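Structure first, commentary second.
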Amino acid sequence: MTQDGPPLRVLVADDDPSLRLALTLWIQRRGHEVFAAADTEAARLLLQRESPDVALVDAGMPRDGVEFWRECLGEG
């Protein structure tokens, strides 16, 4: 199955390897490019380097995913 529009560049950040893999495969099967991170530090680097269109970040990761977004948006 593929998407209707142009492919997206998606950041998936989750410390659970099984969930990270499942999300990555599900998104790739729909024709999108995925950048996967196991922690917020790797997610931050990928966010800066790859400029994804969409980011899925586990709010419950060590170094809280919510705090990660506050830092990235300059609110932390």
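The values are calculated or read from the model by the stated rules, or taken from the named source; none is laboratory data. Only a predicted model underlies this, so the values are computations on that prediction, with no experimental measurement involved. Neighbour counts run over all protein chains shown; Cβ positions are idealised from the backbone, glycine included.
Taking every residue in region 53-67 that is on the phi < 0 side of the Ramachandran plot and of a type outside the set (V, I, T) and pairing it with any residue that is buried (at least 18 other Cβ atoms within 10 Å of the Cβ) and in a loop (DSSP other than H, G, I, E, B), at least 6 positions away or on another chain, the pairs with Cβ-Cβ distances below 8 Å are L56/D14; D58/D14; M61/D14; G65/D58.
Against the criterion of being modelled with pLDDT of 95 or more and hydrophobic (A, V, I, L, M, F, W, C), A55 does not qualify.
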